[in-house]
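**Student:** Have a look at the structure that comes next, please.
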């Protein structure tokens, strides 16, 4: 927002993060963020604070706090959203706009709008984000669409005017805008994530069928992907999705639908979730099978810890989960990732980590790729020559199976013969 020309104050209760940001250092890995952070601070348009009082005088207040899964439940935990709104209200002025960014269950915005209006005279809009980790800077500067969930009447007109000012540069580039009500805006985010998760789990379900029939799920995906109604993107079979959004968001969607008495409408998402979790089991099973069932004290190189490349996010990461499960079976796991080692170590210090993925491979009985970082996609049998065994489990179907087999390796992909 500061890079787009706005004057911005970023506020958080985490003093350590605010200190890092104030020094121009990002507290997590995101390509392009350090550069844009440095530029925005140098411009004088961006500063950071732990004091909500510093929000006074702003015309637009984005609320972008987390909505994690409730402990022991599928439902979203709205503690942080509710607390942020309640703490912000005393610092709002009549006519200010509070724009929710957090992914919330449908009905949340309508409830919060009453609190905001009664407590301050400010207006609430819901403006969901569609940022992809690894592409978040690009998606903010050049979004593929904008969604405004606004109230009816004059308040809605005012909200749209303010959001149009915020996103003026995107609107000049003809970015599509959907102006709608609160419920639709909330459902846009929930349904987008649910559809994406369904598409990924669909191709993984086809991989399960391919594995018992001798079919090749990669060629299958290529063939059906030529149909414009289906498309090839996100039809890549593998170890499944993870991260801080898709898993918890589809579970929260299921929980909210059940609260609304329409659980049957999204009951299929339970199977979507189930298929996704089974793929982790399958990768572990392939490793065990490749070792003849004897995993204890075998050295296994796990390449990847983040849930996706170009991120250090290990929340609900299939890659980290596979490493932990193999360690639990008694294997000597050596895991490597370009960015996610420290986050993984903080959660699972029992694992052994290697900064250099080639060092992780040295002496390994089995090599497992579970995050498709560029350096792992470009791994060749020659680079992996220091491995003790000649077994590659490709949990992302991202390397050339023919080349590895020709070099004498046993190659196992997911849904591939």
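No lab work stands behind these numbers, since they all come straight from the coordinates. Please read these numbers as outputs of a predicted model, since none were measured by experiment. Cβ: placed from backbone, ideal geometry, glycine included. Neighbour counts: every protein chain shown.
**Student:** Which angle between 0 and 90 degrees, to the nearest 10, do you get for helix 79-88 versus the longest principal axis of the chain when only C-alpha atoms count?
**Tutor:** The helix 79-88 is inclined about 30 degrees to the chain.
**Student:** Fewest first, what order do 327, 6 take by the number of other Cβ atoms within 10 Å?
**Tutor:** 6, 327
**Student:** If we count other beta carbons within 10 Å of each Cβ, what is the order of 160, 388, 248, fewest first?
**Tutor:** 388, 160, 248
**Student:** Quick one: work out the % antiparallel among DSSP beta bridges in the chain, nearest 5.
**Tutor:** So the antiparallel bridges amount to about 5 percent of the total.
**Student:** Helix 246-259 sits at what angle to the longest principal axis of the chain, using alpha carbons and giving 0 to 90 degrees rounded to 10?
**Tutor:** Tilt relative to the chain: about 60 degrees.
**Student:** How big is the convex hull of the Cα atoms of segment 123-254, per residue, in Å³?
**Tutor:** Expressed per residue, the convex hull around the Cα atoms of segment 123-254 is 134 Å³.
**Student:** Report, in whole Å, the centroid distance computed from the Cα atoms of segment 192-206 and segment 1-80.
**Tutor:** 31 Å
**Student:** Per residue and in Å³, how big is the convex hull formed by the alpha-carbon atoms of segment 51-180?
**Tutor:** That works out to 125 Å³ per residue.
**Student:** Mind checking Rg over Rh on segment 91-135, alpha carbons, Kirkwood formula for Rh?
**Tutor:** We get a ratio of 1.08 for segment 91-135.
**Student:** Round to a whole angstrom and tell me the spacing of the C-alpha centers of segment 243-278 and segment 288-345.
**Tutor:** Cα centroid of segment 243-278 versus Cα centroid of segment 288-345: 26 Å apart.
**Student:** Can you give the % of DSSP beta bridges in segment 51-180 that are antiparallel, to the nearest 5?
**Tutor:** 15 percent
**Student:** Then there's this: Give me the percent relative contact order of the chain, please, defined on Cα pairs under 8 angstrom at least 6 residues apart.
**Tutor:** 12 percent
**Student:** Here's something else I'd like to know. Can you compute the equivalent ellipsoid semi-axes for segment 190-417, i.e. the square root of 5 times each eigenvalue of the Cα gyration tensor, sorted largest first and rounded to whole Å?
**Tutor:** Ellipsoid half-lengths, sorted descending, are 30, 21, 15 Å.
**Student:** For the chain, with a Gaussian network of springs between Cα atoms less than 10 Å apart, report the residue from 132, 229, 111 with the top mean-square fluctuation.
**Tutor:** Of 132, 229, 111, the most mobile in the Gaussian network model is 229.
**Student:** Can you give me the three principal axis dimensions of the chain from its C-alpha atoms, in Å, biggest first?
**Tutor:** For the chain, the Cα extents along the three principal axes come out at 71, 48, 42 Å.
**Student:** Something else: Reported to two decimal places, what Rg/Rh ratio describes segment 332-390 when computed on Cα atoms with Rh from the Kirkwood expression?
**Tutor:** Rg/Rh: 0.96.
**Student:** Quick one: angle between helix 153-166 and the longest Cα principal axis of the chain, in degrees between 0 and 90, rounded to 10, please.
**Tutor:** 60 degrees
**Student:** Here's something else I'd like to know. Taking other Cβ within 10 Å of each residue's Cβ, how do 346, 311, 201 sort, fewest first?
**Tutor:** 346, 201, 311
**Student:** Note the per residue figure in Å³ for the convex hull of the C-alpha positions in segment 281-384.
**Tutor:** 87 Å³
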